[in-house]
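The values are calculated or read from the model by the stated rules, or taken from the named source; none is laboratory data. None of the values given here were measured: they were computed from a predicted structure. Virtual Cβ from ideal backbone geometry, glycine too; neighbours counted across all protein chains shown. Surface areas here come from the heavy atoms of the whole protein model, side chains and all, with no ligands, DNA or RNA. Shrake-Rupley method; radii C 1.70, N 1.55, O 1.52, S 1.80 Å.
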Amino acid sequence: MKKIYLSFIVLLIFSANAFAATLTCVATGNWNAAATWAVTAGADADVIPDSDDDVVIDIWATVTVNIANAACANITIDGSTIGAGETAVLEFALSSQLTSSGTTTFKLQGSVDMTLGGTFISGTWVYNAGPGLTYGIGKVIFTGNFTLPGGVGSAFVASFYDLEINDAGA
């Protein structure tokens, strides 16, 4: 009997990992719209980010978090492949929420817009360069390690409307 349980547990672990994917933004649109995304690694049946998927926004587009239960593993907001003055944007609608259980990475010309509100729950933030965060009336909740960028000459303004810190940070 123990062998059957062990086999079942191993099967569950491997099947959960088998469905993780990387979804990359291909057009401006809503988080929960399949037309916004393309699967660029792994497999995803509905082509909508789930809690086990990695998300990449790397084109001149705006992805709007428009639902209260959006989730992903890691998210990269990277406008480095687009032209000057163009930005890859993750935007939050009123009452929306995104939980990124892994790392949120900001790269050149990548930004988060929380002007209308919403909640962004994130484990780790890595800030390389870019416009950063337009905080508006949104709430940011850190649940892991992070470093708030800022200081003289920084493009990132470390201002938040509502900031909650639930773990270690620097």
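Points to keep in mind about this one:
- Checking Ser95 against (1) part of a loop (DSSP other than H, G, I, E, B); (2) at pLDDT 85 or above; (3) small (Gly, Ala, Ser); (4) open to solvent by less than 40 Å² (accessible area, probe 1.4 Å), the condition it does not meet: (4)
- Number of the condition not met by Gly79 [criteria: (1) in a loop (DSSP other than H, G, I, E, B); (2) open to solvent by 10 Å² or more (accessible area, probe 1.4 Å)]: (2)
- Candidates are the residues of the range 15-54 that are modelled with pLDDT of 95 or more and among the aromatic types (Phe, Trp, Tyr); the one that is nearest to Gly102 (Cα to Cα) is Trp31.
Conditions tested, residue by residue: (1) touching a Phe, Trp or Tyr at 6+ places or on another chain (Cβ under 7 Å); (2) surrounded by fewer than 19 Cβ atoms within 10 Å (Cβ to Cβ).
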{"site": "Val26", "(1), (2)": "yes, yes"}
{"site": "Trp37", "(1), (2)": "no, no"}
{"site": "Gly42", "(1), (2)": "no, yes"}
{"site": "Asp46", "(1), (2)": "no, yes"}
{"site": "Ile57", "(1), (2)": "no, no"}
{"site": "Trp60", "(1), (2)": "no, yes"}
{"site": "Val63", "(1), (2)": "yes, no"}
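- Residue under evaluation Trp60, criteria (1) more than 16 Å from Thr143 (Cβ to Cβ); (2) not in a loop (DSSP other than H, G, I, E, B), criterion not met: (2)
- Identity of the residue in the range 109-143, in a loop (DSSP other than H, G, I, E, B) and modelled with pLDDT under 80, that ends up surrounded by the fewest Cβ atoms within 10 Å (Cβ to Cβ): Asn128
- Flag if Gly102 is in contact with a strand residue (DSSP E or B) (Cβ under 9 Å, 6 or more places away or on another chain) and buried (at least 22 other Cβ atoms within 10 Å of the Cβ): no
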